[in-house]
C-alpha cells in the first residue's frame with residue numbers, strides 16, 4: 001500500500017511516501033527553491049570554448065546555460081554580452097555551482113508538459129499499451145502547431161481528447177501571457193515554479209497512491225475534490241503528523257552516516273562533491289551457514305537497504321558500493337539482480353554499471369534536485385564540512401609558533417583566549433611549558449578559556465602587565 005503523508009502545517013512544507021508503512025521518499029520544500037521558475041535573464045559572458053553562457057537571473061549565483069539548451073531560433077544567431085532572454089531553472093544551484101538553465105521553456109500540467117519550441121511529441125514510457133501510445137502521439141500531432149511540442153504524462157493514459165486539449169490550451173495561454181513581458185528589464189523573476197505539493201502530486205502519480213493524509217484542512221478539502229478515487233484524510237491531533245506516523249525519527253536516521261541492517265550488518269554512507277561511497281560491513285552478523293552464504297545474504301540485504309537509502313536521501317551522480325568481497329560470478333549477478341529490481345521502484349532514472357575489476361559496484365542516478373542532507377543541514381562552520389577539527393595539541397603548537405614571532409616585543413604581556421583542552425596542552429604539566437616560553441619570549445602570557453570554541457584561539461590584547469591582569473579580573477570587559 002502506498003501512502004502520501006503531507007505536512008503542510010507550519011512554515012516548511014514536507015511530504016513523505018510510505019510503501020507498506022516503510023518510508024521510501026522524503027521531500028522537503030526549501031525556501032529558496034527555484035526549479036521550474038522562469039526568469040528574464042541577461043547574458044554576462046559567452047564562453048566559446050565551452051559553448052555555454054553565464055546568465056544573471058538576479059540570484060546569489062549566476063546561472064549556467066549550455067548552447068544545447070537553446071531553441072533553434074536562438075541557435076541560428078550567437079548570444080552576446082548584455083542580451084536578454086527568457087530562461088527556466090532546470091536544476092537547482094548547489095553549494096559550489098549556480099543553477100542550470102534552459103531556454104527551452106516547459107509548462108507542466110496534470111496530463112501534459114507543453115514545450116513551445118521543442119518541436120517533438122513524446123509519451124511517458126510507463127504507458128506501455130502500444131495502441132494508447134499511438135493515440136496520444138496522434139493527438140499531440142493534431143494539437144501542436146509549428147515548433148510546438150508535448151510530453152504526455154503517465155496520468156494522460158485513457159484520458160478523453162477534450163480533457164487533454166483543454167489542458168493544452170491552458171498551458172499554451174500561460175506561455176503567450178509570458179511573451180507579453182517584452183518591456184521588463186532583466187534580471188527579473190517572471191513566474192515561480194510549480195507549488196511544492198502540486199509538483200509532488202505530479203511526480204508521484206495519484207493513481208498509484210491508495211491514501212493521502214494531510215494536516216491542513218483547506219489543502220485536505222482541495223485534494224478530496226481533485227482526487228475522488230483516492231482516500232484523503234485530515235490529520236487532526238495535538239501530536240504532529242510526522243510524529244504520529246513515526247516519520248520524524250526516520251528523517252533523523254536518513255541524515256546519519258551509519259545505517260544498521262536487520263541482520264546486524266551495517267552500511268557507512270559518505271557523500272562528497274564528486275560521488276557517494278557506501279561501504280558494507282558484516283558488523284554483528286556472523287551467519288549460521290557457510291562463509292559464502294553468509295556473505296551473499298549480507299550483500300543481498302545491503303543491496304536492498306542501499307537502494308532504499310539512495311532513494312530516501314535523493315543521492316545522485318556517481319555512486320559506488322563496496323560490498324563484502326564475493327569470489328563467485330553468480331553471487332555478484334544475484335546482487336546486481338537485486339539492485340536492478342530495487343531500481344524499478346525508483347521514479348528517478350538510474351544506470352547499473354555493475355562490478356568493476358576491483359569488485360566495487362558502480363552505478364549512476366540522475367540528479368533531479370539537491371539531496372536531502374543539503375536541504376536540511378549546512379556545513380559545520382568549524383570543520384567546513386570535513387567532519388574533523390584541529391586537535392588541542394595542534395592549536396597549542398600553532399599559537400606557540402605565532403608567539404615566537406613576538407619575541408622581544410615592547411609589550412610586557414599578552415592576553416590569549418582559547419579552548420580549555422588547547423590551554424591545557426599549551427601550559428604543559430604543572431605549567432612547565434608556559435613558564436619556559438615566558439622566559440625565552442620575554443613577556444608574560446595570560447590565558448583565558450573560551451568554552452564555545454573548539455579549534456581556534458585569539459590574541460586578545462598586547463600591553464601593560466597590570467592592565468591585562470585587571471582585564472582578567474573583569475571578564476565583562478574582555
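The values are calculated or read from the model by the stated rules, or taken from the named source; none is laboratory data. Computed from a prediction, not measured in an experiment: that's the story for all the values here. Cβ: placed from backbone, ideal geometry, glycine included. Neighbour counts: every protein chain shown.
Scan 307, 303 and give me the residue that is closer than 30 Å to residue 89 by Cα and modelled with pLDDT of 95 or more.
Going through 307, 303 in turn, the sole match is 307.
Residues being under 30 Å from residue 344 (Cα atoms) and touching a strand residue (DSSP E or B) at 6+ places or on another chain (Cβ under 7 Å): count how many of those fall in the stretch 30-52.
The number of residues fulfilling the criteria is 4.
Pick from 63, 49, 82, 119: which is surrounded by fewer than 19 Cβ atoms within 10 Å (Cβ to Cβ), over 30 Å from residue 142 (Cβ atoms) and touching a residue at least 24 places away in the same chain (Cβ under 8 Å)?
It is 82.
Every residue, every condition in (1) closer than 24 Å to residue 93 by Cα; (2) assigned to a helix (DSSP H, G or I); (3) touching a helix residue (DSSP H, G or I) at 6+ places or on another chain (Cβ under 6 Å), yes or no:
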site	(1), (2), (3)
387	yes, no, no
395	no, yes, yes
401	no, yes, no
408	no, no, no
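Of the residues in the stretch 63-87, how many are in contact with a helix residue (DSSP H, G or I) (Cβ under 8 Å, 6 or more places away or on another chain) and part of a helix (DSSP H, G or I)?
Result for the stretch 63-87: 2.
Looking at the stretch 143-157 only, could you name the residues that are at pLDDT below 90 and more than 18 Å from residue 201 (Cβ to Cβ)?
If the condition is that a residue be at pLDDT below 90 and more than 18 Å from residue 201 (Cβ to Cβ), then 145, 146, 147 are the ones that fit.
Would you mind telling me which numbered condition in (1) buried (at least 16 other Cβ atoms within 10 Å of the Cβ); (2) touching a residue at least 40 places away in the same chain (Cβ under 8 Å); (3) in contact with a helix residue (DSSP H, G or I) (Cβ under 8 Å, 6 or more places away or on another chain) residue 412 fails?
So the condition that residue 412 fails would be (1).
Is at least one residue of the stretch 396-404 buried (at least 18 other Cβ atoms within 10 Å of the Cβ) and closer than 30 Å to residue 255 by Cβ?
Looking for residues that are buried (at least 18 other Cβ atoms within 10 Å of the Cβ) and closer than 30 Å to residue 255 by Cβ, one finds none in the stretch 396-404, hence no.
Quick one: is residue 33 outside any strand (DSSP E or B) and either surrounded by 15 or more Cβ atoms within 10 Å (Cβ to Cβ) or in the same structural domain as residue 181 (by TED's automatic domain parsing) (or both)?
Spelling it out, residue 33 is indeed outside any strand (DSSP E or B) and either surrounded by 15 or more Cβ atoms within 10 Å (Cβ to Cβ) or in the same structural domain as residue 181 (by TED's automatic domain parsing) (or both).
Residues of the stretch 207-220 being free of Cβ contacts under 8 Å to residues at least 60 places away in the same chain and in contact with a strand residue (DSSP E or B) (Cβ under 8 Å, 6 or more places away or on another chain), which ones?
217, 220
What number of residues within the stretch 38-56 are more than 10 Å from residue 101 (Cα to Cα) and either touching a helix residue (DSSP H, G or I) at 6+ places or on another chain (Cβ under 7 Å) or assigned to a loop (DSSP other than H, G, I, E, B) (or both)?
5
Condition (residue is at negative phi, in a helix (DSSP H, G or I) and not assigned by TED's automatic domain parsing to the domain that holds residue 423) applied to the stretch 352-372: is it met by at least one residue?
Yes - at least one qualifying residue is present in the stretch 352-372.
Limited to the stretch 251-281, what total is found for residues that are within 23 Å of residue 27 (Cβ to Cβ) and either in contact with a helix residue (DSSP H, G or I) (Cβ under 8 Å, 6 or more places away or on another chain) or crowded, with 17+ Cβ neighbours inside 10 Å (or both)?
The total comes to 9.
Might you check whether a residue that is over 30 Å from residue 270 (Cβ atoms), without any contact (Cβ under 8 Å) to a residue 60 or more places away in the chain and assigned to a strand (DSSP E or B) occurs anywhere in the stretch 432-444?
yes
I'd like to know if the stretch 164-177 contains one or more residues that are within 26 Å of residue 27 (Cα to Cα) and either surrounded by fewer than 16 Cβ atoms within 10 Å (Cβ to Cβ) or without any contact (Cβ under 8 Å) to a residue 40 or more places away in the chain (or both).
No - not one qualifying residue is present in the stretch 164-177.
Inspect all residues belonging to the stretch 373-392 and state whether any of them is more than 27 Å from the chain's Cα centre (by Cα), farther than 25 Å from residue 33 by Cα and buried (at least 19 other Cβ atoms within 10 Å of the Cβ).
For the stretch 373-392, residues more than 27 Å from the chain's Cα centre (by Cα), farther than 25 Å from residue 33 by Cα and buried (at least 19 other Cβ atoms within 10 Å of the Cβ): present.
Would you check which residues across the stretch 138-147 are within 35 Å of the chain's Cα centre (by Cα) and without any contact (Cβ under 8 Å) to a residue 40 or more places away in the chain and list them?
140
Looking at residue 60 and the list (1) in a loop (DSSP other than H, G, I, E, B); (2) in contact with a helix residue (DSSP H, G or I) (Cβ under 8 Å, 6 or more places away or on another chain), which single condition is not satisfied?
Single failed check for residue 60: (2).
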